[in-house]
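Take a look at the structure below.
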Amino acid sequence: NSATSAASPAQNCVGVMPVPGKASVSMNSHVGAGAFVFTGMMFVANAAFNNLGRPVYSTLINWTREGVISLPLALWFASLYGASGVVYAQAVVAVLIGVPVTFWGLRYIQRTAKISSALGNARAANF
């Protein structure tokens, strides 16, 4: 019977594990939304790199995040946890990338400010 072999609406997109509606919404609104704090931190660091003349750093961050880390982790977590695993993988990647990139961005801003201050003092001394 083809009706019994079709995936039920309560199953995820891969048909492996059931994801009830309430649990799916809760997982997305808690885990997924919480991860956006770290994703936002990465966006701020990317904006700093772009605006301070280092767009290659932003490109490197984004390619590393999406191509090198996100895809393999999402596939692995999806095999373990079904559709929820993809959201969990996104959260893990957001923390793994967001925290170190934020410190890298802050360090770069501080270095740039020191150089700018030193150049400003040198210019003022010449007048």
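The numbers here are math on the coordinates, done by the rules we state, and not lab data. All values derive from a computational prediction rather than experimental measurement. Cβ atoms come from the backbone with ideal geometry, glycine included; neighbour counts cover every protein chain shown.
Data table
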quantity: Per-bin percent of Cα-Cα distances, segment 25-94 [5 Å]; calculated: 4, 18, 21, 21, 16, 10, 6, 2, 0
quantity: Estimated FRET transfer efficiency when R0 is 25 angstrom, pair Val25-Leu80 (beta carbons, to 0.05); calculated: 0.75
quantity: Spacing of the two label points (7 Å from each Cα toward its C-beta) at Ile69 and Leu106, in nm; calculated: 1.7
